[in-house]
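This report refers to the structure that appears directly beneath it.
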Amino acid sequence: MKIGVIGGAGVRTVIFINGLLKRYKQLAIDEVVLYDIDFEKLAVIAKLCRHVVAREGKDLVVREVYTPEEVIRGMDYIVTTLRVGGDHSRVVDERVALENGVIGQETTGVGGFSMAVRTIPVLLGHCDLIEKLAPNAWIFNFTNPSGLVTQALHSAGHHRVIGICDAPSSMKYRMAQYLGVEEKDLYVEFFGLNHLSWITSVKKYGCEIMPSLIADDAFLKGIQELEIFDPGVIRRTGMLPNEYLYYYYHREKALANIKKSGKTRGETIEEVNIKMMEELKAMDIDAHPEEALQIFLWYMQLRENSYMSIESGSANRPLIEKGKLPVPEGMGYAGVMLDCIEGMQSKEGRTLVLSIPNAGSIPFLTDEDVVEVTCLVSERGIEPVKQTTVPELCELYIRLIKRYERLTVEAVRLGQENGGEEMAIDALMTHPLVNSYSLAKKLIADYTAAYGGRLF
């Protein structure tokens, strides 16, 4: 079987390929095809991917192609991981938001809105092509904002799309490490929307341990995703939060920390990526592939170790010495996708957190609303775990953000000239991090100006 990656020049593709190597034989995957509109960067990333395969002595085929048709035709699975507008668009998205006194984070904040309205039309075009050239392929959408984009694709009639995010799986991985158990021995139940979700149950060897974890200061400080929260808010809600709830629970702190740092996350990422690609393009990768890989890993470490540090005001995590860096494995979106494929091929199935149509999982949403919930994935299909009761605070947040998502999708469908701009204003006015008509109107005007008079 074959996997196509649309957006294959992304820096995380190398990690994705490494994640495949332990299980590609078991899952009958023999080839990965990479496509991106940045051909120069694609060539560099593809060489690094092939070296990762070769250094492990594996026979997985990795090749790059230069048209969308080539990355789609004949594929069994397709990963979409795009950044329409490139790294600098994220800088623009975050800066416009900050100039208006709001958080511009690319998924949770209004920067996510700007990214979504640029991205949805492009992905819809790819999905239309997939319907023609690979109608039976499953699409794994990792493009941010993942939940909103996945909602747009399903609303347009593309129903073989699964939204994936590595935040829940990474959190479960770190919880298992902290508790000294294997991941298979830990059940962690999530519900909500992408980057707006809560853990309602944690079972170790089948026994519920959630209350004791919430009461344990050492645990709350020992998990990377939880240490940024005031323990009081976790205990008041009685649930463990997805790390992106930090922007809601501690909004003024996040905004103040970003302003104080003088540099947004987007600017940090853009700087790291520029330096990385300058070094890699200046060397002969074919002659020195391991040196090139270590350069890549060094910059990826800089990127990952500073994750959430600006917003939370915390220090960057320690760095491993250059030249001794391992290629990360077992985590990331590759792991989520492979777990899903493995589940689809098995009778017993796998328990995963995915963004899929609600189908009654969250009682107050429609069946067509895309949610992020724990699912049982097996050869029978994808079955979301149903929530019998939802705390009022969670319901209010979910209702607001889902309405924002629906309005954003409708704004893109209408287009800027046919009422979409007014719908976009309504969408941002609904968002809890904006919550103002006049501010929403100005944000739309400023984003439109920043993108040359056309936002979507």
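No lab work stands behind these numbers, since they all come straight from the coordinates. If you're wondering where the values come from, they're calculated on a predicted model, not measured in any experiment. For neighbour counting, all protein chains shown are included, and Cβ atoms are generated from backbone atoms with ideal geometry for every residue, glycine included.
Points to keep in mind about this one:
- A single member of Leu82, Leu98 is of a type in the set (A, V, I, L, M), over 18 Å from Lys260 (Cα atoms) and in contact (Cβ under 8 Å) with a residue 60 or more places away in the chain, and it is Leu82.
- Note on region 260-273: among residues that are touching a helix residue (DSSP H, G or I) at 6+ places or on another chain (Cβ under 8 Å) and free of Cβ contacts under 8 Å to residues at least 60 places away in the same chain, the one that is nearest to Ile214 (Cα to Cα) is Ser261.
- All conditions in (1) touching a Gly at 6+ places or on another chain (Cβ under 9 Å); (2) at positive phi hold for Tyr205, with the sole exception of (1).
- Lone qualifier among Ser197, Ser169 - being out of contact with any Ser or Thr (no Cβ under 8 Å at 6 or more places or on another chain), within 29 Å of Pro135 (Cα to Cα) and either touching a residue at least 24 places away in the same chain (Cβ under 8 Å) or among the charged types (D, E, K, R) (or both): Ser169
So that you can scan it fast, the table gives a plain yes or no per residue for (1) over 25 Å from Asp446 (Cβ atoms); (2) touching a Pro at 6+ places or on another chain (Cβ under 9 Å); (3) basic (Lys, Arg):
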{"site": "Pro68", "(1), (2), (3)": "yes, no, no"}
{"site": "Glu94", "(1), (2), (3)": "no, no, no"}
{"site": "Gly109", "(1), (2), (3)": "no, no, no"}
{"site": "Thr119", "(1), (2), (3)": "no, yes, no"}
{"site": "Leu123", "(1), (2), (3)": "no, no, no"}
{"site": "Asp128", "(1), (2), (3)": "yes, no, no"}
{"site": "Gly147", "(1), (2), (3)": "no, no, no"}
{"site": "Tyr173", "(1), (2), (3)": "yes, no, no"}
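- Residue within region 409-422 that is free of Cβ contacts under 8 Å to residues at least 60 places away in the same chain, at negative phi, touching a Lys or Arg at 6+ places or on another chain (Cβ under 9 Å) and part of a strand (DSSP E or B) present: no
- Residue match in region 399-407 (condition: aliphatic (A, V, I, L, M), in contact with a Pro (Cβ under 9 Å, 6 or more places away or on another chain), more than 18 Å from Thr150 (Cβ to Cβ) and not in a loop (DSSP other than H, G, I, E, B)): yes
For (1) among the aliphatic types (A, V, I, L, M); (2) surrounded by 15 or more Cβ atoms within 10 Å (Cβ to Cβ); (3) without any contact (Cβ under 8 Å) to a residue 60 or more places away in the chain, each residue gets a yes or a no:
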site	(1), (2), (3)
Val202	yes, yes, yes
Ile209	yes, yes, yes
Ile234	yes, yes, yes
Tyr248	no, yes, no
Leu255	yes, yes, no
Ile258	yes, yes, no
Pro289	no, yes, no
Met300	yes, yes, no
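- Qualifying residues in region 426-456 (those that are touching a residue at least 24 places away in the same chain (Cβ under 8 Å) and part of a loop (DSSP other than H, G, I, E, B)) - the one surrounded by the fewest Cβ atoms within 10 Å (Cβ to Cβ): Arg454
- Failed item, numbered, when Asp284 is tested on (1) part of a helix (DSSP H, G or I); (2) exposed (fewer than 15 other Cβ atoms within 10 Å of the Cβ): (1)
- A single entry from Leu133, Leu148 fulfils the requirement of being of a type in the set (A, V, I, L, M, F, W, C) and surrounded by fewer than 21 Cβ atoms within 10 Å (Cβ to Cβ): Leu133.
- As a summary of the residue check, Val32 satisfies the conditions (1) aliphatic (A, V, I, L, M); (2) buried (at least 24 other Cβ atoms within 10 Å of the Cβ); (3) under 26 Å from Ile444 (Cβ atoms); (4) over 17 Å from the mean Cα position of the chain (by Cα) except for the one numbered (3).
- Of all residues in region 22-33, those that are within 17 Å of Gly74 (Cα to Cα) and in contact (Cβ under 8 Å) with a residue 12 or more places away in the chain have Cβ atoms under 8 Å from Cβ atoms of residues that are crowded, with 19+ Cβ neighbours inside 10 Å and among the small types (Gly, Ala, Ser), 6 or more apart or on another chain, in Val32/Gly4; Val33/Gly4; Val33/Gly8.
- In summary, Asn144 fulfils each of the numbered conditions (1) outside any helix (DSSP H, G or I); (2) of a type in the set (S, T, N, Q); (3) over 25 Å from Thr67 (Cβ atoms) with the single exception of condition (3).
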